[in-house]
1. Jot down the radius of gyration and Dmax of the chain, Cα atoms only, both in angstrom.
2. Using the alpha-carbon atoms, what tilt in degrees (0 to 90, nearest 10) does helix 26-42 show relative to the longest principal axis of the chain?
3. Could you tell me how many degrees, from 0 to 90 and to the nearest 10, lie between the Cα long axis of helix 123-135 and the main elongation axis, the longest principal axis, of the Cα atoms of the chain?
4. Less than 10 Å Cβ to Cβ from residue 110, Lys/Arg counted +1 and Asp/Glu -1: what total charge do the surrounding residues give?
5. Please give the residues of region 31-58, grouped as numeric ranges, whose backbone N is less than 19 Å from a label point set 7 Å along the Cα-to-Cβ vector of residue 157.
6. What is the angle, in °, between the Cα long axis of helix 151-169 and the longest principal axis of the Cα atoms in the chain? Nearest 10 is fine, range 0 to 90.
7. So which GluC sites (Glu not before Pro) in region 82-140 pass both tests, a DSSP loop state and at most 12 other Cβ atoms within 10 Å of the Cβ?
8. Run the helix sum for the chain: -39,500 (n - 2.57) per DSSP H stretch of 4+ residues, divided by residue count, reported at 222 nm to the nearest 500 deg cm²/dmol.
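Bear in mind these aren't lab numbers, they're just calculated from the coordinates by the rules spelled out. A quick note: this is a predicted structure, and the numbers were derived from the prediction, not measured. All Cβ positions, even for glycine, are placed from backbone atoms using ideal geometry, and neighbour counts span all protein chains on display.
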Amino acid sequence: MALREIMVKGEPCLGKVCHPVTEFNKKLHDLLDDMTETLEESQGVGLAAPQIGIMRRVAVVMDEDEQIIELVNPEIVRTEGEQTGPEGCLSVPGKFGMVTRPMVVRVRAQDRDGCWFEVEDEGLTARCFCHELEHLDGHLFDEHIDHYLTEAELQAYYEACEAEYEGDEE
């Protein structure tokens, strides 16, 4: 396994549509392993192949149980509800914006050996599915925002969430 360089906004590869994976071999397995290692090292929750300069429809997502979900040729097959919250991206370092995404997302994808499966999750993982799959079509999260959040706006959001959470415990 090897760490890969994460491309940042402005790199041409981040604005292009990725090609489907057609060969399920050691090269793909190595890519998935490298992506997982790079994701863990960067302390992110998702990484798509174009973020490391590879124009293939591949993404890895860390769910809320810290399990890695490998997605090859993924597509969203169902969504439900809505959530709005701050979102960032390893390719737009240090920047966050408020983005509305579905609350529940079901994805159909292939695993590293080409077998089809479906996975469904909610909350942060659902947000991550949408975010990473958009990368595969050449889009970044900041296309959904009207401005980047200031440090004060981000802090106020998290303080409000914490106060709401503490109120729910009573």
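1. Cα radius of gyration and Dmax of the chain are 16.2, 54 Å respectively.
2. 20
3. 50
4. Numbers: positive: 57, 108, 112; negative: 70, 111, 113.
Taking every Cβ under 10 Å from that of residue 110, the sum is 0.
5. 43-47
6. Once rounded, the angle reads 80 degrees.
7. Values: sites: 82, 87, 118, 120, 122, 132, 134; in loops: 82.
Passing both the DSSP loop test and the Cβ count: 82.
8. On the way: 3 runs with 49 residues, N = 170.
It comes out at -9500 deg cm²/dmol, rounded to the nearest 500.
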